[in-house]
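Written out below as structure tokens is the structure these notes cover.
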Amino acid sequence: DAKTTQPTSMDCAEGRAANLPCNHSTISGNEYVYWYRQIHSQGPQYIIHGLKNNETNEMASLIITEDRKSSTLILPHATLRDTAVYYCIVNSGNTPLVFGKGTRLSVIA
Amino acid sequence: DVKVTQSSRYLVKRTGEKVFLECVQDMDHENMFWYRQDPGLGLRLIYFSYDVKMKEKGDIPEGYSVSREKKERFSLILESASTNQTSMYLCASISIRGPTTNEKLFFGSGTQLSVL
């Protein structure tokens, strides 16, 4: 079973920041938070992951709360090509990733 | 970048046929996975493999088998296809994983299988 809770869907205006929340209140100390996304008709694509500290790469930023019970994926300037299903996953690295139903993000012009 | 190639983008088979879905990765990854994706159900793990000739059942292995004779190739086999196996099948691979690694899971583009 997925250990995360995400909203079913969200909208974001093009050019604005998209903030996608994820609750993982039962996360263990050795589990990372991973984010993947799946654009229509493609396989999922890795975005970012983190353990405790906030992380940033060329695609997005990941903000993890101090108690690690929730996190937020930030796409700083959303474009139409960011329209996708976004998956938040917690995993220790020793077992296969379990994908929930994710958040369907629609970026609107 | 890693390339995970699935042999067919679309496949139509008849009930009772034996079906082979092939997946090849080009980055010498140890771990390979087969998922299926259905509307409203998300991605579900069928089988995975941590090494050549090794296989592990995922969450929904019934009706499927796998083969990993070479490191780069992981095949999903439907012994006798049924209509409830109509689905999108996704293959993925990753290098050795663990709590301190930063490896990414790479997916193929998927095979949409229709069983009539």
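Only one of the numbered conditions (1) of a type in the set (Gly, Ala, Ser); (2) away from every other protein chain (no Cβ under 14 Å); (3) buried (at least 20 other Cβ atoms within 10 Å of the Cβ) is not met by A:SER61, and that is (3).
Scanning the stretch A:77-97 for residues that are more than 14 Å from chain B (Cβ to nearest Cβ) and open to solvent by 70 Å² or more (accessible area, probe 1.4 Å) turns up A:HIS77, A:LEU80, A:ARG81.
Filtering B:ILE60, B:ILE94, B:ILE77 for residues that are within 11 Å of chain A (Cβ to nearest Cβ) and either touching a strand residue (DSSP E or B) at 6+ places or on another chain (Cβ under 9 Å) or surrounded by 13 or more Cβ atoms within 10 Å (Cβ to Cβ) (or both) leaves a single hit, B:ILE94. Scanning the stretch B:1-55 for residues that are surrounded by fewer than 12 Cβ atoms within 10 Å (Cβ to Cβ), of a type in the set (Phe, Trp, Tyr) and away from every other protein chain (no Cβ under 14 Å) yields a count of 0. Out of B:TYR64, B:TYR35, one residue alone is farther than 26 Å from A:VAL90 by Cβ and in contact with a Leu (Cβ under 8 Å, 6 or more places away or on another chain). It is B:TYR64.
Selection of the stretch A:7-41 for residues being touching a Ser or Thr at 6+ places or on another chain (Cβ under 6 Å) and either facing another protein chain (nearest Cβ under 10 Å) or on the phi > 0 side of the Ramachandran plot (or both) yields A:ASN30, A:GLU31.
The values are calculated or read from the model by the stated rules, or taken from the named source; none is laboratory data. Note that the structure is predicted; figures quoted are calculated from it, not measured. A quick note on method: Cβ atoms are made from the backbone with ideal geometry, for glycine too, and the neighbour counts reach across all protein chains shown. For accessibility, only protein heavy atoms count, side chains too; no ligands or nucleic acids. Shrake-Rupley method; radii C 1.70, N 1.55, O 1.52, S 1.80 Å.
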